Amino acid sequence: VVTILYLPKLKDDGTYDAIIRFLPSPDTDLPYAIVYNHGYQSLETGKWVIENCPKSLDKKCPICESASKLWSSGDEENARRRFKKFSAYSNILVVRDPQNPENEGKVFIYRYGKKLFEMIKNKMIPPSTLDKPLMVFDYDEGANFKLKIRSKIINDAKGNKKPVPNYDSSEFTTPSALSEQLVTEIESLLIQLKPYLSPEKFLSYSELERK
């Protein structure tokens, strides 16, 4: 499967605006694949450890266990570096993308973090009973999503300035149904999500422990 990731290219001022639509999955029960990963530099060897976390497959992870031990010992800084990081993958339709108009009308895989995932979850299962649930990934009862990135510039560990994307301004629009013709086109373009959770993309417990 050739996977095409949607990668918003920020403007010089660190902003990005587009309208996307979250779509169902063609091959998984849930409309997203959740993958945890670890990425940190070993203080002992100076080498980087960048690996998927077996907890994505509900398996034990020696890196998570070592992070817990570090935290319990009071070494919170090193524990945080080893904590697993969250990514969700979903199919999306790009409705409008003024900065990259060639993306409009195309289906991509969008990788997004905890912040956007929580935003989606709170729309589907609202914390307040006064709010009506939104079927975010539904062709008929879903809604377009205004993706608004407003980056904050921070200094990294080496003192270099880097933009950190902020999604607080993003929002769902009023629910709207997609046309039958468009749905038919989309169905033929949906990208499989199962490969993201394929066992061969994860090291065994002993291999991770050694690494």
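The values are calculated or read from the model by the stated rules, or taken from the named source; none is laboratory data. Source: prediction; values computed, not measured. Positions of Cβ are generated from backbone atoms using ideal geometry, with glycine treated the same way; all protein chains shown enter the neighbour counts. Only protein heavy atoms, including side chains, enter the accessible area calculation; ligands, DNA and RNA are left aside. Shrake-Rupley method; radii C 1.70, N 1.55, O 1.52, S 1.80 Å.
Assorted remarks:
- Here Phe137 meets the list (1) modelled with pLDDT of 95 or more; (2) over 19 Å from Asp29 (Cα atoms); (3) not in a strand (DSSP E or B) almost entirely, failing just condition (2).
- Note on segment 171-195: among residues that are of a type in the set (Gly, Ala, Ser) and surrounded by fewer than 11 Cβ atoms within 10 Å (Cβ to Cβ), the one that is farthest from the chain's Cα centre (by Cα) is Ser179.
- Scan of segment 52-92 for residues that are of a type in the set (Gly, Ala, Ser) and open to solvent by 40 Å² or more (accessible area, probe 1.4 Å), ordered by number: Ser68, Ser72, Ser73, Gly74
Okay, residues lined up against (1) aliphatic (A, V, I, L, M); (2) on the phi > 0 side of the Ramachandran plot:
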| position | (1), (2) |
| --- | --- |
| Thr15 | no, no |
| Val35 | yes, no |
| Ser56 | no, no |
| Cys64 | no, no |
| Gly74 | no, yes |
| Phe86 | no, no |
| Val94 | yes, no |
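- Extreme residue, farthest from Tyr36 (Cα to Cα), among residues of segment 107-134 that are touching a residue at least 40 places away in the same chain (Cβ under 8 Å) and not in a helix (DSSP H, G or I): Leu134
- Taking the criterion of being part of a helix (DSSP H, G or I), of a type in the set (Phe, Trp, Tyr) and touching a helix residue (DSSP H, G or I) at 6+ places or on another chain (Cβ under 7 Å), the only residue of segment 189-211 that qualifies is Tyr205.
- The one condition in (1) at pLDDT 95 or above; (2) more than 30 Å from Asp97 (Cβ to Cβ); (3) surrounded by 12 or more Cβ atoms within 10 Å (Cβ to Cβ) that Val49 fails to fulfil: (1)
- Out of Lys146, Lys162, Lys152, sole residue that is closer than 19 Å to Phe108 by Cα and open to solvent by 50 Å² or more (accessible area, probe 1.4 Å): Lys146
- Reported count of residues in segment 26-81, each being among the hydrophobic types (A, V, I, L, M, F, W, C), farther than 30 Å from Phe108 by Cα and free of Cβ contacts under 8 Å to residues at least 12 places away in the same chain, is 1.
- For segment 29-43, the set of residues classified as of a type in the set (Phe, Trp, Tyr), part of a strand (DSSP E or B) and either over 22 Å from Pro62 (Cα atoms) or over 16 Å from the mean Cα position of the chain (by Cα) (or both) consists of Tyr40 only.
- Tally, over segment 93-143, of residues that are open to solvent by less than 30 Å² (accessible area, probe 1.4 Å) and acidic (Asp, Glu): 1
- Members of segment 152-188 that are modelled with pLDDT under 95, assigned to a loop (DSSP other than H, G, I, E, B) and hydrophobic (A, V, I, L, M, F, W, C): Ala157
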